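*Asks:* My questions all concern the structure below.
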Amino acid sequence: MYGLTRATVTLIASAIAGFLIWLATQIGTSSNGDYWASYGVIAAAGLVMALSQLLGGWTKWGWPRISLHVFLVAFVPVAIAVVWIVIFHQPHHGLGRNHIRNWSNDIGIDGFVRDFTDYVGVLAFGLGLVFGYSFDTTGPIVHRQRSEAPAEPTVAEKTAPAPPRDAPPREAPPGDAPPRDAAPGDAPPPE
């Protein structure tokens, strides 16, 4: 059942992602607005594919949540690099295109960034995919009945509370106290 559910959801998500990519071709990239809308739709296609694995697998049967570590360590650096390249290839000036181009030239990566001209769509799709990977599911919430309480005593029951500071010292149990005739520094007699 699990394999069939995941396969079906993956097929449906692939169809949706394909439709979104086709929709991006209809938007075009002639103006800055069209450019950003087109690549935003392509990024949404990548997000749909990542979420299909989360929802289709539903491996832990819990609610989706964002993984802060994956978001900060993986998504944020990828987003910075991809957005830098996408802004660099924007068709008209605006939204920092000229700044990004100048900065790329200043730090010597303009040739590297320019090489992505034909692959901006792939980068946008990948950005959506990595964002989708930032999500995970939590495990199911287990409700215990009172009869399902643990058999062992709790930690609080195992340890005695500390005596108050002004209480008289407790006597040690028999066998733990040193013999009364031995001096405090003497070693016990050999056996």
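What follows draws every value from the coordinates through simple rules; no lab data is involved. All values reported here derive from a predicted model rather than from experimental measurement. Here the Cβ is made from the backbone with ideal geometry for all residues, glycine too, and neighbour counts use every protein chain on show.
*Asks:* Scanning for something small (G, A, S), touching a residue at least 60 places away in the same chain (Cβ under 8 Å) and either more than 29 Å from R6 (Cα to Cα) or not in a loop (DSSP other than H, G, I, E, B) (or both), does the range 48-56 turn up at least one residue?
*Replies:* Yes, the range 48-56 contains at least one residue that is small (G, A, S), touching a residue at least 60 places away in the same chain (Cβ under 8 Å) and either more than 29 Å from R6 (Cα to Cα) or not in a loop (DSSP other than H, G, I, E, B) (or both).
*Asks:* Further, regarding this structure: Give the residue that is nearest to L129 (Cα to Cα), with candidates limited to residues of the range 14-33 that are of a type outside the set (A, V, I, L, M, F, W, C) and surrounded by 15 or more Cβ atoms within 10 Å (Cβ to Cβ).
*Replies:* Among those that are of a type outside the set (A, V, I, L, M, F, W, C) and surrounded by 15 or more Cβ atoms within 10 Å (Cβ to Cβ), it is T29.
*Asks:* Considering the range 74-96 alone, what residues qualify as being under 19 Å from I42 (Cβ atoms) and in a helix (DSSP H, G or I)?
*Replies:* F75, V78, A79, I80, A81, V82, V83, W84, I85, V86, I87, F88
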